[in-house]
Amino acid sequence: MSSVAVLTQESFAEHRSGLKDTEITGGVPEDEAYIPTYLEAFPPLPDKGAPGDRSGEPAGAWSKIRPIKASVITQVFHVPLEERRYKDNSQFGEGEEAKVCLDIMQKTGAHIELSLAKDQGLSIMVTGKLDSVMKARKEIVARLQTQASATVIMPKEHHRFVIGKNGEKLQELELKTATKIAIPRPDDPSANIRITGTKEGIEKARHEILLISAEQDKRAVERLSLEKAFHPFIAGAYNRLVQELSQETGARISIPPPSLLKDEIVITGEKEAVAMAIARIRAIYEEKVRAKSVMVVEVTAPAWLHRFIIGKKGQNISRITQQLPKVHIEFTDGEERISLEGPTEEVEQAQSQIQEIIKDLVARMDYTEINIDQRFHRHLIGKNGANINRIKEQYKVSVRIPQDSDRCGLVRIEGDPQGVQLARRELVDMAQRMENERTKDLIIEQRFHRTIIGQKGEKIKEVRDKFPEVIINFPDQSQKSDIVQLRGPKNEVEKCAKFLQKLLVELVESSYSISVPIFKQFHKNIIGKGGANIKKIREETNTKIDLPTENSDSEMIVITGKKCNCEAARERILTIQRDLANLKETEVTIPAKLHNSLIGSKGCLVRSVMEECGGVHIHFPAEGSGVDKVTIRGPAGEVERARRQLLQLAEEKQVNNFSIELNAKPEYHKFLIGRGGANIRRVRDRTGARIIFPSPDEPEQERITIVGREEAVRLAQKELETLIKNLEDVIEDSMVVDPRHHRYFVCRRGQVLRELAEEYGGVAVSFPRTGTHSDCVTLKGARECVTAAKRRIQEIIQDLESQVTVEVVVPQRFHRAVMGPKGCRIQQITREQEVLIKFPEREESAGMSVCPVENGSPSPEAGDAVPRRCDVITVTGRVEKCELARIALLALVPVTVDVEVPYDLHRYIIGQKGTGIRKMMEEYEVNIWIPQPDQQSDVIKITGQEASVERARQALLDRVKELQAEQEDRALRSYKLTLSVDPKYHPKIIGRKGAVISQIRKDHDVNVQFPDKGDEQQQDLIVIWGYERNVEEAKAAIEQMVAALQEMVSDDVRLDHRVHARIIGARGKAIRKLMEEFKVIFWKIQKAILLYCWVINMFQLEESYLTLTDAGSSFSFDKHAPDMSSAEDFPTFGSGVAPKQTSAWGPKKF
């Protein structure tokens, strides 16, 4: 049993290898039987070969024999005792091994037979198809045989050959050896391959893997980078040359196709073959390069000089390439080489020119690198690159600051050696100053941040310009933070913090807000035409005024700003309201402790009083103020009613304060109140209690509150309950209405019917459909509501039957003006007079010839016997109401007035870009016509309503008087005088920053003009103009200054430049001390001896300093040698970052 002959796949393959030379592919699958032909099964015998021919290879058809392959195979293998997984001594064939074999047979479909050898080893015979046998064998080894493991070290680049395409090689190897092979992943640096299985399988797998590695060791892969232009020469015509190379050398040569922009040629194969192929390819390439006469040269130059060699916008290289167009010049980033390619002669010329440029640059250029903390880089650059650009222009250098993403602090400076050092020093000083900066946090409420920043950052830009060294950082809106961070020099940060705190105080003061109740009908008058009135109030009081929207029921106008300004704006708005209506304002004294009870829950009680008294405004003082005054504003009669009611309520509150609540459907409320409050007023008069209905915005719409004495409240409650009970008694009734009146009730989408339903407890009124010719109208609702609605419908019918139609003739060209913006004027008339106004259809021909109608001249329509239809406006309503509406319409017809205004004043009345005339037209709601300049006319026409025209005419005449007065004053101020003064005295007369001449202009109210620097002929002329007397006084003052300056003398003193700094002293203290001591600036001629003494003193200082310097000792005025690089001892003239400072040399004299 231990020695069984088995025909396996391997032995059969070895048998086949002896029968054929080449492998025949494309046949039938291996697991299917193949039926050969007769000639294939019984081929003829080969001819006898020559005696010397001992090749031993079959000839003829024998070499093509296709072996017959069985579809079922049998394999037998042995498992030694020491490798058996289950060694139980139970009866053979009934233990775990038998169960495992049965499971494997079910999974794979193979037949397995077990037998026990003499050495207690296990013999296993597996029968079945090849694939099933291989799988069964793998399962048997894994489950019946103990597993061992081993490691094979193999170069990482050979792993892919073990795996094979799609892992097929690895799977085949595992099946063949019955092992598990673990290959590390590509990103794992390990080169160890782990094999798990039986000892025999491990040895086989190791052997196969080492064979694969040894085979790959013999192969090589090389890549050649050759110019794409030479690839066709290497490939040859139809790729014949490259195919010949592959056949000769045995290497595989891959040339990228023309469409692929790669210049790499890949050669693979045996090392010797690859080397031969590379040599042949290089020989072809070099031969073609020589044939092309192309030369490649490299020039060495420091990488930082490359951009200077290229020049600004590439001008240096462009000049060379224009002269030598066949030369290709390539710069490599980060490398100190420049490649030149082209014809030999031109390349040599280009090389010579570039070397000259490099030599010149090396001689006059330098660079340095400084390490500056990255957090300071953006401050070195400045806003929009202001700081770094100034340094570049000032020192003629290039400064390269790394990007934030580079996380590098190295700043590189390139350019002129001296400029590089100066720039380096300034950058280091700036960095040191930044290290010494401080940070301060300000607490500013976030609601003020947007105001401080301003629209598009305009306001914060002004602050930053004022404190350029301070960085101001506002938190992001999403952070909800109040902390504003300031960063910069200590003194500047403190100044900026004080400035912002002062600004914050002003903003807090400006955020004061008050609400002003203004009757809704007067809002448009407060706004004015085109917003003129409200704009004027805003500008003059410097406040923000917000009005409610047109659709809103609110009457409150909100004013925001400083308290005093808000009060002023409030007073002006109230004045407009008082002027427009017969309003009265009175004050009632009510104890402050009763205010809350009078106001009621959410203002319901005081609101009911305001609504009942015609919408008066009642203003209570702020809670906690202790003020007893309550202000009532409105029409005189209503104010008095509201005053009496408030006093009565206050008295009731003091005597007894009792309240009760009722519930009633909201649709009953208007009926309970009655028309104009008649019903609720009767209940209140009978009982003495106050009944409060909910406002539309209150959540509890059914709640009615009764307030007063207890007995009065109980009585009012009883009456209201009776009314509500009657309202709930629903009936249906009908009445007769003439069909000609039906349209009035159902037109405008049933507006009249909706008003009846709202007013009379939701009663439903149904008119018959159009075309039924019925006069029966049905009413359904509460009994009392139906009765009241019928009564109201009859009143409306009586009004309709008594209505008349009046025709008002107004020329069509005035219709638009009569209507007003969006028909507001007509709407007001129809609302006030309860009439219907209808305008005729517009006729296009009527508007073709429009001429202004002068006052007193007959209109074109006046002579017509019958007015045109397009001019007739019809008014329908009661006779007296129609007459009032006709008068109101005629009052709206515009009139035209002529005003005589001198022609030369027209442009001042019009104003810049028409602002003056536009403002007047908007303010007075008129149209002003000014003649064209070519007419030279003095007549200005004003068109509009009669009252508005009169006010505009008076305003225009007042404006003319102002302009004439200004002309007269301008003539008086035009007196001019010319004064001749030596130009050397001009700077002294002007003074430092124009201080002296500004004082002269201010003291004498004149204008003084000095000659332009470019005017060489009149350099000594100073022009003064203004009032004659003031001009003469200013002239005398200038002449007096000149006389004083002419008495002064000057002298030049030559001193060694090394003592200049010592004589000036720290911050100019020493030179100022000398100037004060010898009074050099205001020196008279008779004191010339003082000048001599001062000069002698200078020479003594120079001599003593030079003596000490030669002797090697230090020289000091202040007992210590000042630091020459110190900004404190020797201040500079400042930089672009620091604010402008006064020079240590003192003010400039001449």
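The values are calculated or read from the model by the stated rules, or taken from the named source; none is laboratory data. All values reported here derive from a predicted model rather than from experimental measurement. A quick note on method: Cβ atoms are made from the backbone with ideal geometry, for glycine too, and the neighbour counts reach across all protein chains shown. Just the protein is used for accessible areas: all its heavy atoms, side chains included, with ligands, DNA and RNA removed. Shrake-Rupley method; radii C 1.70, N 1.55, O 1.52, S 1.80 Å.
A simple spin-label model places the labels of E356 and E248 4.8 nm from each other, with each point 7 Å out along Cα-to-Cβ.
Which of the three applies to region 85-217, rounded, prolate or oblate, going by the alpha-carbon gyration tensor with a ≥ b ≥ c and a/c under 1.5 meaning rounded?
Details: a/c = 2.75, a/b = 2.08, b/c = 1.32.
Judged from the Cα gyration tensor, region 85-217 comes out prolate (a/c at least 1.5, a/b above b/c).
Between the beta carbons of K1069 and L507, assuming R0 = 45 Å, the FRET efficiency works out to 0.55 to the nearest 0.05.
Over the Cα atoms of region 765-836, compute the convex hull volume and normalise it per residue, giving Å³. Display every interim value, and only then the final one.
Values: hull volume 12.3 nm³, N = 72.
Dividing the Cα hull volume of region 765-836 by its residues yields 170 Å³.
Rounded, prolate or oblate, given the Cα gyration tensor of region 648-745, with a/c below 1.5 counting as rounded? Before the final figure, lay out each step's value.
Numbers: a/c = 2.33, a/b = 2.28, b/c = 1.02.
Prolate is the answer for region 648-745, as a/c is 1.5 or above and a/b outweighs b/c.
Sticking with the crude label model, points 7 Å out along Cα→Cβ, report the distance from R240 to K396 in nm, one decimal please. The modelled label-to-label distance comes out at 6.7 nm. Within region 694-795, all pairs of alpha-carbon atoms sorted by distance into 5 Å bins from zero give the percentages 2, 11, 18, 18, 16, 12, 9, 7, 5, 2, 1, 0. Consider a paramagnetic label point 7 Å from the Cα of V221 along Cα→Cβ; state which residues of region 233-256 have an amide N under 14 Å from it. What the label zone holds, given the 14 Å backbone N cut-off, is 252-254. A simple spin-label model places the labels of E330 and E369 2.7 nm from each other, with each point 7 Å out along Cα-to-Cβ. In this structure, A386 and V296 have a Cβ-Cβ separation that, at R0 = 51 Å, corresponds to a calculated FRET efficiency of about 0.65. Place a point 7 Å from Cα of K313 in the direction of its Cβ. Which residues in region 319-339 have their backbone N less than 15 Å from it? Within reach of a label on K313, which here means backbone N under 15 Å from a point 7 Å along Cα→Cβ, region 319-339 contributes 319. Quick one: of K498/K1069; K780/K881; K118/K199, which pairs are farther than 25 Å apart, Cα to Cα? Pairs exceeding 25 Å: K498/K1069; K780/K881.
With the convex hull of its Cα atoms as the shape, region 952-1036 has an orientation-averaged projected area of 7.6 nm².
Here the contact order of region 229-338, divided by its residue count and restricted to Cα pairs under 8 Å and six or more residues apart, works out to 20 percent. Estimated at 0.36 nm per residue, the fully extended path between E540 and Y975 surpasses their Cα-Cα distance by 153.1 nm.
Cα-based radius of gyration for region 132-288, normalised by 2.2 N^0.38 Å, reads 1.42. Here region 476-544 is treated as a Stokes sphere of Kirkwood radius computed over C-alpha pairs; at 4 °C and 1.567 mPa s its diffusion coefficient rounds to 80 µm²/s.
Mind ranking M276, M105 by accessible surface for me, highest first, 1.4 Å probe? Numbers along the way, then the final one.
Working: M276 105, M105 50 Å².
Correct descending sequence by accessible area is M276, M105.
Once you have the alpha carbon radius of gyration of region 245-373, what is it after dividing by 2.2 N^0.38 Å, with N set to its residue count? Kindly include the intermediate steps, with their values, before the conclusion.
On the way: Rg = 20.5 Å, N = 129, 2.2 N^0.38 = 13.9 Å.
Normalised Rg, Cα atoms only: 1.47.
Label reach from T146 (point 7 Å along Cα→C-beta): in region 198-224, amide nitrogens under 17 Å belong to 198-203.
Between E445 and S515, 0.36 nm times their residue separation minus their Cα-Cα distance comes to what? Walk me through the intermediate numbers first.
Working: separation 70, 0.36 × 70 = 25.20 nm, distance 2.37 nm.
Contour length minus the Cα-Cα distance gives 22.8 nm.
If you stretched the chain out fully between L1021 and E962, how much longer would it get, using 0.36 nm times the residue separation minus the C-alpha to C-alpha distance? Intermediate results must be reported in sequence, preceding the final value.
On the way: separation 59, 0.36 × 59 = 21.24 nm, distance 3.54 nm.
Gain in length upon complete extension: 17.7 nm.
Anisotropy class assigned to region 384-512 is prolate, per the alpha carbon gyration tensor with a/c at or over the 1.5 cut-off and a/b larger than b/c. Taking R0 as 22 Å, what's the FRET efficiency between R754 and S695 from their Cβ-Cβ distance, rounded to 0.05? Taking R0 as 22 Å, the efficiency between R754 and S695 is 0.60. Pairs of alpha carbons in region 112-179 separated by more than 14 Å make up 70% of all such pairs.
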